[in-house]
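Remarks on the structure that follows.
Readers should treat all values here as calculations from the given coordinates under stated rules, not as data from a laboratory. Keep in mind that this is a model prediction, so the values were computed, not measured. Every residue, glycine among them, receives a Cβ derived from its backbone with ideal geometry; neighbour counts consider all protein chains shown.
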Ligand code: NAD
Ligand code: ZN
């Protein structure tokens, strides 16, 4: 493992274009559970698909109820050492930018600026009817007080939804295109805390590999792309990033 850490630090130092890619695993050390582990979101809630959300007021209420519960965890969470190191790598020119599946906004709070959110953000709501966007906090408060989904403050009747991508909903195409552009330019990608089983997550490292770049995976459990990785580090993500960062500054 120590050898792998210095190897990855050397690849980072040599790289001309590194892309960082993160999944729910980077935020578990901030107290936000991932999806697939026991106790994760999938074991707890009924999934509301996008079509159902659009068509049924009852589904919208259930969705807002679930999201208001999760909101407690999100607002209490702060970036951990891993988020901070990734932000510092961008600031120091070690990495070009960061692509994330996370919706918690912790990368931006840690100081990352070049962030592509593939699945949107839970820190904002968007109106499905007029596309206006709003900060989430006051809307969640309003939902808790009234038990009713708040109507859009802009068009007054529109259906407000968290600005995240639901099951059955398209990923934002502009964000996705930029992510593929970054990867087709990259000579190194670090995939951190993602099980890499669903697309596009599972495709982005493959895009880097295809153009001859290196793929490094930081994840405790097996991932869908372990067999194409140039290195796989299975320690805790925070500690592993701290170790790579220390090796990098030597
Ligand atoms: P995932 O749950 O499929 O994978 C997370 C991976 O991280 C797992 O393989 C797990 O073994 C690993 N992991 C967790 N904590 C770790 C640690 N401390 N050290 C090392 N490895 C660790 O997550 P995913 O692939 O990102 O997919 C889940 C989807 O759910 C995402 O698309 C995201 O939109 C959403 N989600 C987001 C958040 C968030 O924003 N923080 C949280 C839960 C789910
Ligand atoms: Zn509206």
Separation between the residue 16 and residue 211 pseudo-spin-labels, each 7 Å from Cα along Cα→Cβ, expressed in nm? 1.1 nm
The alpha-carbon center of the stretch 84-122 and that of the stretch 168-240 are separated, in whole Å, by 14 Å
The convex hull of the Cα atoms of the chain, divided by residue count, gives a volume in Å³ per residue of 118 Å³
Residue 46-residue 230 pseudo-label distance in nm [points 7 Å out on the Cα-to-Cβ vector]: 4.8 nm
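Taking only DSSP H segments of four or more residues, each worth -39500 (n - 2.57), what value at 222 nm results for the chain once the sum is divided by all its residues, to the nearest 500 deg cm²/dmol? Could you put the intermediate results ahead of the total?
Numbers: 9 runs with 98 residues, N = 250.
Calculated at 222 nm, the ellipticity per residue is -12000 deg cm²/dmol.
Rule-of-thumb check for the stretch 145-201: C-alpha Rg over 2.2 N^0.38 Å? List each step's numbers first, then the result.
On the way: Rg = 17.3 Å, N = 57, 2.2 N^0.38 = 10.2 Å.
Here the Cα radius of gyration is 1.70 times the empirical estimate.
Report Rg/Rh for the stretch 176-219, rounded to two decimals, where Rg is the Cα radius of gyration and Rh the Kirkwood radius. The partial results should precede the final answer.
Details: Rg = 9.5 Å, Rh = 10.3 Å.
In the stretch 176-219, Rg relative to Rh is 0.93.
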What's log10 of I(q)/I(0) for the stretch 95-175 at q = 0.13, 0.24 Å⁻¹, Debye sum over Cα points only, no solvent? -0.46, -1.16
The chain: angle of helix 173-185 to the longest principal axis, Cα-based, in degrees nearest 10: 0 degrees
Computed over the stretch 68-140: relative contact order in percent, which uses C-alpha pairs under 8 Å that are six or more apart: 25 percent
When the chain is treated as a Gaussian network with springs between alpha carbons less than 10 Å apart, the largest mean-square fluctuation among 25, 158, 120 is found at 158
With axes computed from alpha carbons, what is the tilt in degrees of helix 136-146 against the longest principal axis of the chain, rounded to the nearest 10 within 0 to 90? 30 degrees
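Given N residues in the stretch 53-110, what is its alpha carbon radius of gyration divided by 2.2 N^0.38 Å?
Ratio of Cα Rg to 2.2 N^0.38 Å: 1.57.
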To the nearest 10 degrees, how steep is helix 81-91 against the longest Cα principal axis of the chain, on a 0 to 90 scale? 70 degrees
Just 126, 100, 157 to compare: in a GNM of the chain, with alpha carbon springs under 10 Å, which one fluctuates most? 157
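If you take the Cα atoms of the stretch 88-229, find Rg, then find the Kirkwood Rh from the mean of 1/r over all pairs, what is Rg/Rh? Display every interim value, and only then the final one.
On the way: Rg = 17.7 Å, Rh = 16.9 Å.
Rounded to two decimals, Rg/Rh equals 1.05.
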Under 10 Å, Cα contacts only: if you run a Gaussian network model on the chain, which one of 132, 78, 202 comes out with the highest mean-square fluctuation? 132
